[in-house]
Every structure is written in C-alpha cells, then in structure tokens.
1. Restricting to DSSP loop positions (anything but H, G, I, E, B) with no more than 16 other Cβ atoms inside 10 Å of their own Cβ, which trypsin sites (Lys or Arg not before Pro) remain in the stretch 49-113?
2. Could you pull the Rg and Dmax for the chain, using just the Cα atoms, both in Å?
3. Taking square-rooted eigenvalues a ≥ b ≥ c of the alpha carbon gyration tensor, is the stretch 55-99 rounded, prolate or oblate, where a/c under 1.5 means rounded and, failing that, a/b exceeding b/c means prolate?
4. Relative contact order, percent, of the chain when contacts are C-alpha pairs under 8 Å separated by at least 6 residues?
5. Carbon-plus-sulfur fraction of the accessible area of the chain, 1.4 Å probe, in percent?
6. Taking only C-alpha pairs under 8 Å that are 6+ residues apart, what is the relative contact order of the stretch 1-60 in percent?
7. Please work out the Cα center distance from the stretch 68-108 to the stretch 46-64, rounded to the nearest Å.
Amino acid sequence: MNTDAFRQEIIAFFEHIDKYYGSKTEITEGLCTDMEALDANLTTWNLSEFELIRSAYRKNGEKFMMEGANMYYEISADRIANFKQLGRNQFEFIEQYSATVFRITKIRFHYNY
C-alpha cells in the first residue's frame, strides 16, 4: 500500500505531531508472524508510556523518531506496510521486516483538544 495518498497521510501525521508535545503518549508494540490471522495470544506485546517532548525524521536510515524523558522510539519509514487512524488521537503503523515478521505500533495521545 505505497500510494501517494498513503505517503501523504503518514507525512501529515508527522508534520502535525508537534501538537501532541507535552501529552502523555502510550505506545503499544506487537511483534507477530502472520498478519492474515492476527492472534493476540500469538503476538508479543510491549507497552510504553511517556510525555512526548520531541519528534524528528532521521534521514540517515529513514526513521521517524519520537522522544520523551528516558524514552526513544523509532518507526522505519521504508518498512511501513500500513498506517491508519484508529480513533481520535489514536494511530496504528504496521512495519514489515520480512515475509513473515511484522511490527504493529499503536500510538495513543492523551490530548485534550
């Protein structure tokens, strides 16, 4: 799903992420091997919470970066297979690392506006 509209949605997300600076940010990350039959019980999950203080695009390596105190998280721009907005201030990235390995990153901003 690498259309221009798809790329524009991702770019728009990162161009406007600064509005979430200072917000509590939850990142739920899952590693799985079968996106067609996604089973939460067969996926390894991690949860991180931090206050978002900065974001950037690291051109060397093509990574989107989000940072908080003692927290640093990257999404590989060239591996994004899917991106969608799940709800208000909630987003999901799916990166594909091989034919059978995927990383799901769900981001929720606790934003009042």
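1. K59, R88
2. 13.8, 40
3. The shape class here is oblate.
4. 28
5. 47
6. 37
7. Each part reduced to its Cα centre gives a spacing of 10 Å.
The values are calculated or read from the model by the stated rules, or taken from the named source; none is laboratory data. It should be emphasised that the depicted structure is a prediction, and the values quoted were computed from it without experimental measurement. Every residue, glycine among them, receives a Cβ derived from its backbone with ideal geometry; neighbour counts consider all protein chains shown. Keep in mind that these areas ignore ligands, DNA and RNA; they rest on the heavy atoms of the full protein, side chains included. Shrake-Rupley method; radii C 1.70, N 1.55, O 1.52, S 1.80 Å.
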